[in-house]
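Here the structure is laid out as structure tokens; the discussion comes afterwards.
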Amino acid sequence: MFSGKKMFFSFLVVVFLVLMAGTSFAEKDTLIVANAFDAKTLDPILTYDLASSNVKMAVYDRLVVWDEKTGGVKPGLAEKWEQLDATNYKFYLRKGVKFHNGETLKASDVKFSLERALGPQGGSVYAFLSSIKTVEVLDDYTFVIKLKAPYTPMLTALSITPGSIVNEKAVKEAGDSYGMNPVGTGAFKFVSWNKGDKITLVRFDDYWGEKPKFKNLIIRTIVEPVARVVELETGAVDIAYYIKPIDMNRVIENPKLTLLRKTDFSTHYCGFNFLRPPLDNPKVREAIWAALDTAAMQKAIDRGVGSLPTSQFPPNQKYFDRSLKPHVQDIEKAKRLLKEAGVENLKLEYWTDEDYARLATATMVQAQLEEVGITVEMKVFEWGAFMEGLKQKKQDLYSMSWTCPPDPDFSLAPVLHSKMIGGTNRSNVNDPELDAMIDKGAQMPDGPEREALYHKIQDRIVNVLRPS
């Protein structure tokens, strides 16, 4: 995406949509949910994609739970905690919590889970928990998390799926196959997984918290957006995620269906791979950025749902800078910059998965870049293959989205910090000044000074590291 000069980043902020059938779930023995993608793995440290996370939230618990009403966290597996000083937190586990394999939750499982996430396998989620230095077990139900440095969103980081607590015995017994055989303490227990079709879970009757009203939970993979709506209309599924704007009126006009809308902390974007020449040339990146009409993309694809972003942050993110202006297309500038860069007859590959919005984005990018003499070949992948392919760093351009917890550090560190190259920094961003600013912001207490720094970071991304 950028390396200290200019960058290209086309954002499309979307509204997270959940659609529910009118059936009373309390009367059902089985709840069937339609998801747009299949999970990649159910090992919490191997990926942070939404399809996998949706399932993990049912299978695993975390030490704390994000509280949407207060904007903070509330007790989860940890019934209480205290901050001893700037870098030490003491936690007290609930007693009697059972894993799905019958093992009792102990502080040793917490230590194993968090330190495992910080090891070689946890590259995709490392940014979320990288502030942790060690986990010191005091007894079976008490432990201290020691940080490398003060980290303001530490508790929030523990509330998301990379902080899920696994059973040490189960992980070691399953070995490399653990991602297909997860064991947590969550409300639902894993039963089976037919790849590309469905994941079956069953209510965990020894769950420590409030138990679900229904016994079975089936998460089906239905990639085609219209097919998800049709399955709702026929009653084949009870809930469908990610209803596309083009299908919203169909849902709204159906008295048997209910549309639930909520602004998500999610941004859709189009990114560069800065390791692929000539995208390592700032003028080429700026030319591509100038050639695109992101306002037209947002209007055509999202049909008035969500908004055109002006920043790395979604507009409901803390410290979002509302003074930033949206990008404007400039075809002549694009042509001039390509000429200055000495680039002619440029051919690029654009990678995307099968998601409607990303396919539509790729199609519009392809058409708009053709106007300035750039030929774009689209390559469409199944979700798992797409995610794996991006790790190989062979794409030129690609479509992706990022959904994060509401602290601004999570909009930045995972996708823009150089320590996440090879993980969620899929554009291989390496900008030392930005790294330093991100690190500083993560350590600062909330308040006007932290807000000023994040406004400065957004300004750097918009006006220095990407063309304006």
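The values are calculated or read from the model by the stated rules, or taken from the named source; none is laboratory data. Note that the structure is a prediction, hence the values are computed from the model and not measured. Here the Cβ is made from the backbone with ideal geometry for all residues, glycine too, and neighbour counts use every protein chain on show. Note: accessible area is taken over every heavy atom of the protein model, side chains too, but ligands, DNA and RNA are not part of it. Shrake-Rupley method; radii C 1.70, N 1.55, O 1.52, S 1.80 Å.
Brief remarks on what is shown
- Any hit, segment 111-119, residues being farther than 27 Å from Met437 by Cα, open to solvent by 10 Å² or more (accessible area, probe 1.4 Å) and more than 25 Å from the chain's Cα centre (by Cα): no
- Criterion: more than 23 Å from the chain's Cα centre (by Cα) and more than 17 Å from Lys419 (Cβ to Cβ) - qualifying residue of Tyr141, Tyr178: Tyr141
- Odd one out for Ser131, checked against (1) open to solvent by less than 50 Å² (accessible area, probe 1.4 Å); (2) within 24 Å of Lys440 (Cβ to Cβ); (3) in contact with a Ser or Thr (Cβ under 8 Å, 6 or more places away or on another chain): (3)
- Checking each residue in segment 373-382 for being open to solvent by 20 Å² or more (accessible area, probe 1.4 Å), more than 29 Å from Gly196 (Cα to Cα) and not hydroxyl-bearing (Ser, Thr, Tyr) picks out only Gly373.
- Filtered by the rule that a residue be of a type in the set (Gly, Ala, Ser), out of contact with any strand residue (DSSP E or B) (no Cβ under 9 Å at 6 or more places or on another chain) and open to solvent by 10 Å² or more (accessible area, probe 1.4 Å), segment 287-316 gives Ala295, Ala296, Ala300, Gly304.
- Test for His417: is it of a type outside the set (D, E, K, R) and open to solvent by 20 Å² or more (accessible area, probe 1.4 Å): no
- Here the helices (runs of 4 or more DSSP H) wholly within segment 100-209 that include at least 2 residues being basic (Lys, Arg) and on the phi < 0 side of the Ramachandran plot are 107-117, 168-174.
- When Arg336, Arg322 are screened for being surrounded by fewer than 17 Cβ atoms within 10 Å (Cβ to Cβ), modelled with pLDDT of 90 or more and either among the small types (Gly, Ala, Ser) or in a helix (DSSP H, G or I) (or both), only Arg336 passes.
- Scanning segment 49-71 for residues that are farther than 19 Å from Val110 by Cα, open to solvent by 20 Å² or more (accessible area, probe 1.4 Å) and not charged (D, E, K, R) yields Leu50, Asn54, Thr70, Gly71.
- Leading residue by the ranking (least open to solvent (accessible area, probe 1.4 Å)) among those in segment 248-286 that are acidic (Asp, Glu) and out of contact with any Pro (no Cβ under 8 Å at 6 or more places or on another chain): Asp280
- Boolean, Lys262 is in contact with a His (Cβ under 7 Å, 6 or more places away or on another chain), part of a strand (DSSP E or B) and on the phi < 0 side of the Ramachandran plot: no
- Within segment 393-415, residues that are assigned to a helix (DSSP H, G or I) have Cβ atoms under 7 Å from residues that are aromatic (Phe, Trp, Tyr) and open to solvent by 10 Å² or more (accessible area, probe 1.4 Å) in these pairs: Val415/Trp402, counting only partners at least 6 apart in sequence or on another chain.
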